[in-house]
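The structure appears below as structure tokens.
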Amino acid sequence: MPLDNTIDRAISDIVLIVDDIPENLSLLHDALDESGYTVLVATNGESALQRARQSLPDVILLDALMPGMDGFEVARRLKADFTTQNIPIVFMTGLTETEHVVAAFAAGGADYVTKPIRPAEVLARIAAHMQNARQMKQARSALDAFGQATLAVRASDGKLVWQTPLSRKLLKDYFATGEEETPQRLLDWISDAEAARRDGREPTALLLADGNRRLLASFHDQTGDQEWLVVLREENDASAIESLIAAFRLTQREAEVLYWVTLGKTSKDIGDILGSSPRTVNKHLEHVFEKLGVETRTAAANLAMSKMRGA
């Protein structure tokens with residue numbers, strides 16, 4: 001229907017331009033605006049990251065060389081953030097040497113254009129990436145609506161401000177709280193995770209057990225609206241072990257040992273659970289370490305947790 005198409009276009013066709021040169025911004029803004037795109041601008045790396053997280057543009061035009069945080073670092077941070085990692089980045093650069101082109105792609109760029117900027121070329125490049133970007137956004141929207149439990153908690157007061165239907169169900173099942181209430185245990189964990197992030201440490205996941213079911217909560221960065229994003233995932237012992245087998249090519253018993261390691265069990269505990277001796281458990285762990293390329297239980301557990309939460 002016409003109204004739906006208009007809304008879809010307004011939401012989908014967003015381009016973020018990141019450049020510290022006003023003349024470039026003006027030239028590109030006018031060309032894109034005349035072509036029907038919604039145009040956002042940023043003049044430095046920090047504002048680019050904030051606008052990208054807040055608005056989720058379909059394509060980012062990114063200047064490679066800027067004062068402070070350069071475009072390569074901006075791209076790396078965008079690709080490391082789950083909210084922005086799927087946005088295609090088109091680098092704008094006057095550097096045509098092979099090493100710089102390679103650096104652009106290594107940082108996560110999908111394409112590049114050279115300076116001086118030629119609007120017709122930029123429009124052609126944008127059009128080439130826009131259709132794929134729109135399809136990816138629709139796919140992510142469908143995942144959020146039907147397959148992923150995501151919630152947002154306001155950083156200032158801990159209020160639950162947004163959640164998907166699946167998130168609402170899981171909170172009720174595991175915390176027995178009201179639909180709009182943030183469980184206190186979840187708030188405490190978010191506070192600890194926020195402190196870890198500020199200290200430069202990777203936040204640990206929250207794991208709750210209910211019989212043979214598990215609820216895994218993963219902490220993500222703050223949005224431009226000052227809200228903390230949390231992704232919930234329900235799993236059971238069998239599905240988690242299968243995921244570890246597939247991810248790391250482990251045997252059934254190696255995967256079982258690794259799984260119980262992620263739950264904080266000692267070798268003696270695991271031996272009791274699996275009917276093996278601690279010595280046998282440690283022998284399985286040696287094989288696990290070798291296959292994962294790690295040297296400690298903590299490193300193995302962290303890597304396994306990242307796979308089980310779909311990282």
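Could you state the accessible area per residue of the chain in Å², with a 1.4 Å probe and every protein chain left in place?
51 Å²
Please figure out what share of the DSSP beta bridges in the chain is antiparallel and state it in percent, rounded to the nearest 5. Don't skip to the answer; put the middle values down first.
Values: 22 of 39 bridges.
Once the DSSP bridges in the chain are tallied, antiparallel ones form about 55 percent.
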Out-of-range pairs (alpha-carbon distance over 32 Å; input K172/K307; K265/K291; K169/K291) = K169/K291
key: Distance cut-off 20 Å, percentage of C-alpha pairs in region 196-307 lying past it   = 45 percent
ask   = Local charge sum around D192 (other residues, Cβ-Cβ under 13 Å, Lys/Arg +1, Asp/Glu -1)?
value = 0
query = Between V294 and A238, what is the label-to-label distance in nm when each label sits 7 Å out along the Cα-to-Cβ direction?
reply = 2.6 nm
inquiry  = Against the empirical 2.2 N^0.38 Å scaling, what ratio does the C-alpha Rg of region 12-125 come to?
reply    = 0.95
Dimensions (Å) - the chain, Cα atoms, principal axes, largest first = 70, 49, 38
ask   = Taking only DSSP H segments of four or more residues, each worth -39500 (n - 2.57), what value at 222 nm results for the chain once the sum is divided by all its residues, to the nearest 500 deg cm²/dmol?
value = -17000 deg cm²/dmol
Estimated inter-spin distance, D210 and A195, nm [label 7 Å along Cα→Cβ] = 2.8 nm
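The values are calculated or read from the model by the stated rules, or taken from the named source; none is laboratory data. Here the structure is a predicted model, which is why all the values come from computation and not from measurement. So basically every Cβ, Gly included, is an ideal-geometry build from the backbone, and we count neighbours across all protein chains shown. For accessibility, only protein heavy atoms count, side chains too; no ligands or nucleic acids. Shrake-Rupley method; radii C 1.70, N 1.55, O 1.52, S 1.80 Å.
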